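Worksheet: one structure, shown below.
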Amino acid sequence: AIPLLTAARTKPVRESLKEKVTFLLGSCLFERKQDKESIPLFESVIANVSSPLAPHAAFRSGEAHLRLNENDKAAAKFQLFIDQPAFQNVAGLSDRALLRLAFAQAEQGKHADSEKTSALLISRFPKSPFLIEAQFMQGRALQAQKKYDAAIKAYQIVIDATDNEFAAKAQFQIGTSNMEAKLFDAAVKNFLNVVYSYAYPEWSAAALCQAADASIQQK
């Protein structure tokens, strides 16, 4: 597909078709993880913000920047889903873009911004399939700001909503929140809840180590 689409971009075709060809070529390169080559193609599509392809190009450009560890540039692309009205309610995309923005902000250490973005996703898309992940992300942002009580409440919402791996991770993070707050007795109980309530060996192993550490802190 890449040679055909590359050749098609040299042909005298109408602008809307050229834009589609550009997006498809960028997408092919993106799928092959040729991120540096795909980003300029996506940028040319994003330039026409009224295009129905622009939000999709912005999202993929953001993901490409994340893979290149360019978190600031990724955040700028995902920020368009807040700043551009045409990007704000794209089915199956806008909520996911907000989640990735919260992630990119957290990777930059901008935890207050990550908290706000997660809250925006939760309020704007209450039926999103990414709602639980957003709630977990909000908990992580609150925990990073040492707002432990608020973080634990956010994690508890995750635990109450599901029994999948996010619940195990949330229970684990409640334990680490209590560890950071030096509430070691509570932390031991939280970590053991991970072991006895969920069937995720990786998290159980980590929780046992943390429970042991908390016990040492208790002497």
Would you confirm, using the coordinates I've provided, whether Lys127 is in a loop (DSSP other than H, G, I, E, B) and within 19 Å of Leu5 (Cβ to Cβ)? no
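Name the residue, out of Ser114, Ser128, that is touching a residue at least 12 places away in the same chain (Cβ under 8 Å), of a type in the set (S, T, N, Q), under 24 Å from Gln171 (Cα atoms) and buried (at least 21 other Cβ atoms within 10 Å of the Cβ). Outline the logic, then answer.
Details: Ser128 fails: buried (at least 21 other Cβ atoms within 10 Å of the Cβ).
The match here is Ser114.
Name every residue in the stretch 54-90 that is assigned to a loop (DSSP other than H, G, I, E, B) and polar (S, T, N, Q), in order of residue number. Spell out how you get there, then give the answer.
Residues of the stretch 54-90 that are assigned to a loop (DSSP other than H, G, I, E, B), as a first pass: 68-70, 84, 88-90.
Asn69, Gln84, Gln88, Asn89 - these are the residues of the stretch 54-90 that are assigned to a loop (DSSP other than H, G, I, E, B) and polar (S, T, N, Q).
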Could you please find all residues in the stretch 107-124 being more than 16 Å from Val158 (Cβ to Cβ) and either assigned to a loop (DSSP other than H, G, I, E, B) or of a type outside the set (Ser, Thr, Tyr) (or both)? Glu107, Gln108, Gly109, Lys110, His111, Ala112, Asp113, Lys116, Leu120, Arg124
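With respect to Ser27, determine if the residue is open to solvent by less than 60 Å² (accessible area, probe 1.4 Å), closer than 18 Å to Asp83 by Cβ and either touching a residue at least 24 places away in the same chain (Cβ under 8 Å) or touching a His at 6+ places or on another chain (Cβ under 9 Å) (or both).
On the way: open to solvent by less than 60 Å² (accessible area, probe 1.4 Å): yes; closer than 18 Å to Asp83 by Cβ: no; either touching a residue at least 24 places away in the same chain (Cβ under 8 Å) or touching a His at 6+ places or on another chain (Cβ under 9 Å) (or both): yes.
When the stated conditions are applied, Ser27 does not pass them.
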How many residues does the stretch 171-185 hold that are assigned to a helix (DSSP H, G or I) and either within 18 Å of the chain's Cα centre (by Cα) or on the phi > 0 side of the Ramachandran plot (or both)? 1
I'd like to know if the stretch 48-66 contains one or more residues that are surrounded by 19 or more Cβ atoms within 10 Å (Cβ to Cβ), at pLDDT 95 or above, over 19 Å from Ala86 (Cβ atoms) and hydroxyl-bearing (Ser, Thr, Tyr). no
Of the conditions (1) farther than 30 Å from Gln143 by Cβ; (2) touching an Asp or Glu at 6+ places or on another chain (Cβ under 9 Å); (3) part of a helix (DSSP H, G or I), Ser51 fails just one. Which one is it? (3)
Take the conditions under 25 Å from the mean Cα position of the chain (by Cα), farther than 21 Å from Ala102 by Cα and either touching a residue at least 24 places away in the same chain (Cβ under 8 Å) or open to solvent by less than 50 Å² (accessible area, probe 1.4 Å) (or both) and apply them to Val194. Does it pass? yes
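Somewhere in the stretch 147-170, is a residue outside any helix (DSSP H, G or I), among the basic types (Lys, Arg) and open to solvent by 10 Å² or more (accessible area, probe 1.4 Å)?
Yes, because at least one residue in the stretch 147-170 is outside any helix (DSSP H, G or I), among the basic types (Lys, Arg) and open to solvent by 10 Å² or more (accessible area, probe 1.4 Å).
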Among (1) without any contact (Cβ under 8 Å) to a residue 24 or more places away in the chain; (2) within 21 Å of Phe125 (Cα to Cα); (3) assigned to a helix (DSSP H, G or I); (4) not β-branched (Val, Ile, Thr) - the single one Leu41 does not satisfy: (2)
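The values are calculated or read from the model by the stated rules, or taken from the named source; none is laboratory data. Quantities reported herein were computed from a predicted structural model and do not represent experimental measurements. FYI the Cβ positions are ideal-geometry reconstructions off the backbone, even for glycines, and counts take in every protein chain you see. Ligands, DNA and RNA are stripped out before the accessible areas are found, and what is left, the full protein with its side chains, is counted by its heavy atoms. Shrake-Rupley method; radii C 1.70, N 1.55, O 1.52, S 1.80 Å.
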